[in-house]
Amino acid sequence: MRPSPQSRGLALLPVVLGVAAVVALAILPKYVESPYALQLMVLFFLAVIQGEAWNLIGGYGGQYSVGHAAYFGIGAYTVIVLLQSKGLAPWWGLFPALLLAVVVAAIVGSITFRLRGPYFVLASIAVAEIFRLAALNWKQLTNGAEGILLSGIPPLVIGGAQITDFSSKVPFYYMGLALAVVTVLVTIWFQGSKLGYYLQAIREDQDAANSLGIPLTFYKNVALMISAFFTAFAGALYGLYVGFIDPQTAVGLDISVQIVLTAIIGGIGTVLGPVVGAALLVALSEALRSNVLTDLLIGSGLVDAGSGIGQFLRDNLSHAHMLIYGVLVALTILYMPDGVLGGIKNQLRKRRSRAAAAGGAA
Amino acid sequence: MSAVPEPILEIKSVSKFFGGLAANSDVSFTMDEGMILGLIGPNGAGKTTLFNCITGYYPPTKGEILFKGQRLNGMTPDQVCKLGMVRTWQKVRPLAKLSVLDNVVVGALVRTGSVPEAREIAREQLHVVKMAHKADFLAGGLPIGERKKLEVARVLATKPDLLLLDEVMGGLNPAESEDIIQLILDIKKRGLTQMVIEHDMKAIMRISDRIVVLNSGEKLAEGAPQEVVSNPEVVTAYLGEAHV
């Protein structure tokens, strides 16, 4: 069955929209100078990278790693430590950082992928905690709980011309955008590749996949290594951008959980799910931090600003993002188990098959 | 002069113990290329356990299994599949959230790294089981008869030499069973060897060249279909002493 010219035109639509979105994002800093807006966009890009990276092994492969903070932390710590103590420029420091993350992923995968379901999840959390405790206690290297405050990034000079001195948010904006686009493209490639098919088969039924000639651990490991690569890249970018890392903000359980949430809320096993999830989560955490939600509750007259409850919300809701995330995940799993994007896709599929059934009956 | 063809599969004194329980004990038989062997026996006779041993899900406790002359002991299911032997599941295992076509593509990918090529192979196999019109449906939404056919298409796509079919007619209505019988006979015509577990005696008599009867983990009888059903021991195992 060949696609009709009409449907071929429709197939081009996502490409056109995608290119338009990237171009729009690329020229945005020319028109928007507000550091606050750029800050939000950098956080959004970082969340996209992490969500897409996790999606490869978690969403397509069904291996719910709640330990991706390990790879994020390896990326952040390796680049920052090498820069701060050895003076190694971050674009060189990235090589050992990414290599280390991929090697660690191969080792961790070979051990933990023997486990299935909840046992694998628990093992992934345990592994990330080992790395957090290492960052906390290996003080000569990591400066322990005090963390490392970066004293500066050397300017990037290529062929005698200075590209940037990293004094504004703009270079981070472009690095984040570029890497986010790359992870989306990698996901598109992954989805149509043998690797992607095999990971989805593993997600649906490991025994059936195995019987069809799929060596389970090998393919899970390959996907985890790609996933760890991009997660560590995001970690490195985060460390350089914020200029400060400590065990909690670079290897904490919060990071692992947020990565999983980004993918689950947006829609696991879809190319754009993590993008949607990242947009929702960054917007939500920002709304909580700046007390928009409390203002909304008070403004709508539901809560009296002067009352004890109003005061309590104003003081505490901004710190309650993990609580709200938890509620959000529960709601997503209950009412939209395939995430926001997956839910929309299911609706479309239902409508199409209903139309097909009606067409067949006529 | 060609030598006597080697058997495609040799089961040599295979035993499988779970703790003290002998699920298979000292089972031996061979299969020639192109034949259909029916594996029958009452519930709990050890038929599925034998499938699991042959395809690498359990290592046999004792004995050995040779496929195309090669010893399989210690191989994993994916390695066994690559060698050309593949099984279906008594309780069907569709990749529920993938389309029917993609389910078969997964099978085809064991022989090629190219997804477009795998899609071609998959479309052919869907034609063989007469499910081409369902290619874009989600596998999880199929009725049981079509799920069983999808299992067959999926294993055919791995280009096997030997197929092990575990109750592909279980739970089907007579018309659907007849479809499957025709499918199995078609597959035989294409030169593939098949081992079939089935409870429907009429069906198994029709399709099998040879029948092996298991009872309480042991091989009770082996022979041509007519021979086996008139064997008094087999009748006893199925119907009890009083009927002999």
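The values are calculated or read from the model by the stated rules, or taken from the named source; none is laboratory data. Owing to the predicted nature of the structure, the values given are computational and were not obtained by experimental measurement. Here the Cβ positions follow ideal geometry from the backbone for every residue, glycine too, while neighbour counts run over all protein chains shown.
Which helices (runs of 4 or more DSSP H) sit wholly inside the stretch A:1-116 and have at least 1 residues that are under 30 Å from B:His127 (Cβ atoms)? Before the answer, list the steps.
Values: elements: A:5-31, A:35-54, A:69-86, A:90-112.
Per the criteria, A:5-31.
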>> Quick check on the stretch A:314-362: of everything there that is in contact (Cβ under 8 Å) with a residue 12 or more places away in the chain and of a type in the set (Gly, Ala, Ser), which residue is farthest from the other protein chains (Cβ to nearest Cβ)?
In response: A:Ser318
> Which condition number does A:Asp207 fail, the rest of (1) away from chain B (no Cβ under 13 Å); (2) among the acidic types (Asp, Glu); (3) touching a Phe, Trp or Tyr at 6+ places or on another chain (Cβ under 8 Å) being met?
Replying inline: (1)
>> Can you pull out every residue in the stretch A:193-219 that is more than 26 Å from B:Lys148 (Cα to Cα) and either surrounded by fewer than 20 Cβ atoms within 10 Å (Cβ to Cβ) or among the basic types (Lys, Arg) (or both)?
In response: A:Ser193, A:Thr217, A:Phe218
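Identify all residues within the stretch A:183-195 that are facing chain B (nearest Cβ under 9 Å) and under 30 Å from B:Tyr58 (Cα atoms); write none if there are none. It would help to see each step written out before you state the result.
Step one: list which residues in the stretch A:183-195 are facing chain B (nearest Cβ under 9 Å), which gives A:192-194.
Correct list: A:Lys194 only.
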> Can you tell me which residues in the stretch B:65-78 are more than 8 Å from chain A (Cβ to nearest Cβ) and not small (Gly, Ala, Ser)?
Replying inline: B:Ile65, B:Leu66, B:Phe67, B:Lys68, B:Gln70, B:Arg71, B:Leu72, B:Asn73, B:Met75
>> Which pairs turn up if I take residues in the stretch B:97-115 that are without any contact (Cβ under 8 Å) to a residue 40 or more places away in the chain and look for partners that are among the basic types (Lys, Arg) and surrounded by fewer than 24 Cβ atoms within 10 Å (Cβ to Cβ) with beta carbon separation below 6 Å, at least 6 apart in sequence or on another chain?
In response: B:Leu109/A:Lys194; B:Gly113/A:Lys194
> Looking only at the stretch B:134-171, which residues are surrounded by fewer than 20 Cβ atoms within 10 Å (Cβ to Cβ) and among the aliphatic types (A, V, I, L, M)?
Replying inline: B:Ala135, B:Leu138, B:Ile144
> So which pairs qualify, if the first residue must be in the stretch A:180-203 and within 23 Å of A:Ala21 (Cβ to Cβ), the second must be assigned to a helix (DSSP H, G or I) and acidic (Asp, Glu), the Cβ gap must be under 7 Å, and the two must be at least 6 apart or on different chains?
Replying inline: A:Thr183/A:Glu52; A:Val184/A:Glu52; A:Thr187/A:Glu52
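Would you mind stating whether A:Gly326 is within 23 Å of A:Ala263 (Cα to Cα), of a type outside the set (Ser, Thr, Tyr), surrounded by fewer than 14 Cβ atoms within 10 Å (Cβ to Cβ) and out of contact with any Lys or Arg (no Cβ under 6 Å at 6 or more places or on another chain)? Walk me through how you get there before you give the answer.
Values: within 23 Å of A:Ala263 (Cα to Cα): yes; of a type outside the set (Ser, Thr, Tyr): yes; surrounded by fewer than 14 Cβ atoms within 10 Å (Cβ to Cβ): yes; out of contact with any Lys or Arg (no Cβ under 6 Å at 6 or more places or on another chain): yes.
In short, yes.
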> Taking the stated definitions as given, is A:Leu313 in contact with a Ser or Thr (Cβ under 9 Å, 6 or more places away or on another chain), farther than 30 Å from A:Thr270 by Cβ and not acidic (Asp, Glu)?
Replying inline: yes
> Taking the stretch B:145-180 on its own, how many of its residues are closer than 20 Å to B:Ala122 by Cα, more than 14 Å from chain A (Cβ to nearest Cβ) and over 12 Å from the mean Cα position of the chain (by Cα)?
Replying inline: 5
>> Taking the criterion of being modelled with pLDDT under 95 and assigned to a helix (DSSP H, G or I), would at least one residue in the stretch B:212-225 satisfy it?
In response: yes
> Can you tell me which residues in the stretch A:31-69 are farther than 28 Å from A:Phe120 by Cα, of a type in the set (Ser, Thr, Tyr) and modelled with pLDDT of 95 or more?
Replying inline: none
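From the set of residues in the stretch B:100-109 that are part of a helix (DSSP H, G or I) and of a type outside the set (Val, Ile, Thr), which is nearest to the other protein chains (Cβ to nearest Cβ)?
Our first condition is that a residue be part of a helix (DSSP H, G or I); within the stretch B:100-109, this holds for B:100-108.
Keeping just the survivors that are of a type outside the set (Val, Ile, Thr) gives B:101-103, B:107-108.
Numbers: B:Leu101: 11, B:Asp102: 7, B:Asn103: 8, B:Gly107: 5, B:Ala108: 9 Å.
So the residue we want is B:Gly107.
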> If you scan the stretch B:157-184, which residues turn out to be more than 24 Å from B:Val80 (Cα to Cα) and either in a helix (DSSP H, G or I) or basic (Lys, Arg) (or both)?
Replying inline: B:Pro174, B:Ala175, B:Glu176, B:Ser177, B:Glu178, B:Asp179, B:Ile180, B:Ile181, B:Gln182
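Here's the yes/no breakdown for (1) within 12 Å of another protein chain (Cβ to nearest Cβ); (2) modelled with pLDDT under 95:
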position	(1), (2)
B:Pro59	no, yes
B:Val80	yes, no
B:Val86	yes, no
B:Lys97	yes, yes
B:Arg111	yes, no
> Which is of a type in the set (A, V, I, L, M), over 30 Å from B:Thr158 (Cβ atoms) and in contact with a strand residue (DSSP E or B) (Cβ under 8 Å, 6 or more places away or on another chain), of A:Ile245, A:Ile255, A:Ile259?
Replying inline: A:Ile245
